Amino acid sequence: MKVLVIGSGGREHAVAWKIAQNPKVEKIFCAPGNAGIAGIAECVPVKVDDVNGLVDFAKKHKIDLTIVGPEASLVVGVVDAFERNDLSIFGPSRLAAQLEGSKSYAKTFMQKYDIPTANYGTFTEASEAKSFVKSNGLPVVIKADGLAAGKGVFICKNDADANAAIDSFLKRGEFGEAGKKIVIEEFLEGEEASFICISDGTHVLPLASSQDHKAVYDGDQGPNTGGMGAYSPAPVIDDALRDRIMKEIIKPTVAGLNAEGRPFVGFLYAGLMISNGVPRVLEYNVRMGDPETQPLMVRLRSDLVELMNTALDGKLDTFDIRWDDLVSVCVVMASRGYPGHYEKGIEINGLEAAGRVTGSVVFHAGTALKDGKIVTDGGRVLGVTAVGKNYREAITNAYEAVSKISWEGVHYRKDIGYRALNRK
Ligand code: AMP
Ligand code: GLY
């Protein structure tokens, strides 16, 4: 069979790497892909939100199955367009993807279906937003309603910060359309976890648990990024908590979306805050996480294509999903300046040596091929992933591989997995 992967990040490299292990897959295409994906797939220059371009490509190359990585494709309706053309594709429809595409939609939905989340208000007027903050107290979390690549969220501890954030969205329009409406919510304390499931619209299976590190610097300091590292499993989620999350959050979400006439087929990701054992939803994503997918794919024993096809047949209740007992850790190596401005086109050294480290796989994110050399082409450049018998061993293996790689200005966190180590 022929498979198309949409996207160009570390998540898509990990997905393509896993799909390539299925003996029935003769050929993988990736739109647009990166230099690492090019080693196992044919990369094609079609943008992730070019719906017509993707449909035309899939028709022309008789693609049997398409997998969507990023939300940017889903919110513009790539799945709906493929289905109209009788092309098999795995991911939620445009309407179901609103759960990530609009935070105010997600909050209203959670309120309606009694899904635990922070208290909130929705605003389009700066003065009303400011009085809400005054009457509800600090700290507050202020978020752009629409997609902002992980950069549209401000945690504000005082009035000055809250007013500045509100003005940047509603007065200065710094986040464009995405920030014309904002959600202001109560600040929740606790430990975050990524709870990713696969849904066929009716049945839903949790994947193994995972956790990412959003802040750019060690000790979870500095601004948020798309994720500087991740690991699986996440010890904060034990079996009892997993069952509670399924019962109180995931099942009501899938049932609620059905009741709204927006059945969810695809990977559903609840970003959770666990406070004293109580899980609440910070946000929904309608796709797998990046970098969480990298450690998940190296632990997944079941076949990914078979898993997605079973979901497309509506039979997930019959699937016995299997995971490796080993733990896995992914360390993201980033460009100097990320998550702010960064340069591209810098040559990366040591990739081959890193790939030889026992138990490690180097997933590419922002890389490109230039004059036969692999160069940086994004903020998050590589996701160096390794397995081990325990967190200590997986972390050691991952950093051993990281130590072989260098380029001018590379930076990465040195403490990925510290919470898991401290717990065990
Ligand atoms: P979101 O995109 O909504 O997940 O927000 C990005 C990050 O901001 C989350 O991963 C949390 O670290 C933080 N965050 C968001 N909402 C809250 C909240 N209500 N309380 C505390 N932290 C939050
Ligand atoms: N790692 C967080 C995300 O994928 O949204």
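In nm, what is the difference between 0.36 nm times the number of residues separating Thr396 and Lys171 and their Cα-Cα distance?
Extending this stretch completely gives an extra 76.2 nm.
For the chain, what % of the accessible area comes from carbon and sulfur atoms, probe 1.4 Å?
47
Using the basic label-point model (7 angstrom from Cα toward the beta carbon), what is the Ser403 to Lys373 distance in nanometres?
Using points 7 Å along Cα→Cβ, the separation is 2.6 nm.
I need the calculated FRET efficiency for the pair Asn276 and Lys344, taking r as the beta carbon distance and R₀ as 60 Å, to the nearest 0.05.
0.85
Mind giving me the FRET efficiency for Tyr217 and Lys59? R0 is 41 Å, r the Cβ-Cβ distance, nearest 0.05 is fine.
Computed FRET efficiency for Tyr217 and Lys59 comes out at 0.30.
So what is the orientation-averaged projected area of segment 249-364, using the convex hull of its C-alpha atoms, in nm²?
11.3
If we count every other residue with Cβ under 11 angstrom of Ser360's Cβ, Lys/Arg +1 and Asp/Glu -1, where does the sum land?
With Lys, Arg at +1 and Asp, Glu at -1, the neighbours total +1.
Rg to Rh ratio, the chain, alpha-carbon atoms and Kirkwood radius?
Rg divided by Rh gives 0.95.
Evaluate the relative contact order of the chain (contact order divided by residue number), counting alpha-carbon pairs under 8 angstrom at least 6 apart; express in whole percent.
Relative contact order of the chain: 16 percent.
At 20 °C and a viscosity of 1.002 mPa s, what translational diffusion coefficient does Stokes-Einstein give for segment 205-247, taking Rh as the Kirkwood radius over Cα pairs? Give it in µm²/s as a whole number.
The calculation lands on 183 µm²/s.
Would you kindly find the accessible area of Thr253, with a 1.4 Å probe and non-protein molecules such as ligands, DNA and RNA excluded, rounding to the nearest 10 Å²?
Accessible surface of Thr253 is approximately 0 Å².
At most 13 other Cβ atoms within 10 Å and a DSSP loop assignment: could you name the trypsin sites (Lys or Arg not before Pro) in segment 282-320 that fit?
Arg301, Lys315
For segment 316-424, calculate the relative contact order in percent as a whole number, restricting contacts to Cα pairs under 8 Å that are 6 or more residues apart.
37
Kirkwood Rh over Cα pairs of segment 15-152 into Stokes-Einstein at 20 °C, 1.002 mPa s: D in µm²/s?
121
Which of Val141, Val48, Val357 sits farthest toward the positive end of the charge dipole of the chain, with +1 on the Cβ of Lys and Arg and -1 on the Cβ of Asp and Glu?
Val357
Probe of 1.4 angstrom, ligands and nucleic acids ignored: what's the accessible area per residue over the chain, in square angstrom?
Normalised by residue count, the accessible surface of the chain is 42 Å².
Less than 17 Å apart at the alpha-carbon level, and either on another chain or at least 8 residues along: which lysines does that give for Lys157?
Correct list for Lys157: Lys130, Lys134, Lys143.
Please find the FRET efficiency linking Lys157 to Ala126, where r is the Cβ-Cβ separation and R0 is fixed at 25 Å, and quote it to the nearest 0.05.
So the FRET efficiency works out to roughly 0.85.
With charges set only on the Cβ (+1 for Lys and Arg, -1 for Asp and Glu), what does the dipole of the chain come to about its Cα centre, in debye to the nearest 20?
With only Lys, Arg, Asp and Glu charged at Cβ, the dipole is about 240 debye.
Taking a spot 7 Å from the Cα of Ala353 along the direction of its beta carbon, which residues of segment 377-421 have an amide N less than 15 Å from it?
Taking a point 7 Å out along Cα→Cβ of Ala353, the residues of segment 377-421 whose backbone N falls under 15 Å are 399-408.
Specify which residue in the list Ser73, Thr122, His61 is farthest towards the positive end of the charge dipole of the chain, using unit charges on the beta carbon of Lys, Arg (+1) and Asp, Glu (-1), about the Cα centre.
His61
Comparing Ser328, Ser135, Ser403, which has the greatest mean-square fluctuation in the GNM of the chain with Cα pairs linked when under 10 Å apart?
Of Ser328, Ser135, Ser403, the most mobile in the Gaussian network model is Ser135.
Compute the relative contact order of segment 1-131 as a whole-number percentage, counting only Cα pairs closer than 8 Å that sit 6 or more residues apart in sequence.
Worked out over segment 1-131, it gives 19 percent.
Using the alpha carbon gyration tensor of segment 95-250, what are the three equivalent-ellipsoid semi-axes (square root of 5 times each eigenvalue), largest first, in whole Å?
Computed over segment 95-250, the values are 28, 19, 15 Å.
In debye, nearest 20: dipole of segment 74-125 around its Cα centre with unit charges on the Cβ of K, R (+) and D, E (-)?
120
When the helix-only estimate is applied to the chain (DSSP H runs of n ≥ 4, each -39,500 (n - 2.57), divided by the residue count), what is the mean residue ellipticity at 222 nm, nearest 500 deg cm²/dmol?
Result for the chain, helices only: -7500 deg cm²/dmol.
The values are calculated or read from the model by the stated rules, or taken from the named source; none is laboratory data. Quick caveat: nothing in here was measured; it's all calculated off a predicted structure. No Cβ is skipped: glycine too gets one built from the backbone with ideal geometry, and neighbour counts run over all protein chains shown. Protein only, heavy atoms only, side chains kept; ligands, DNA and RNA dropped before computing areas. Shrake-Rupley method; radii C 1.70, N 1.55, O 1.52, S 1.80 Å.
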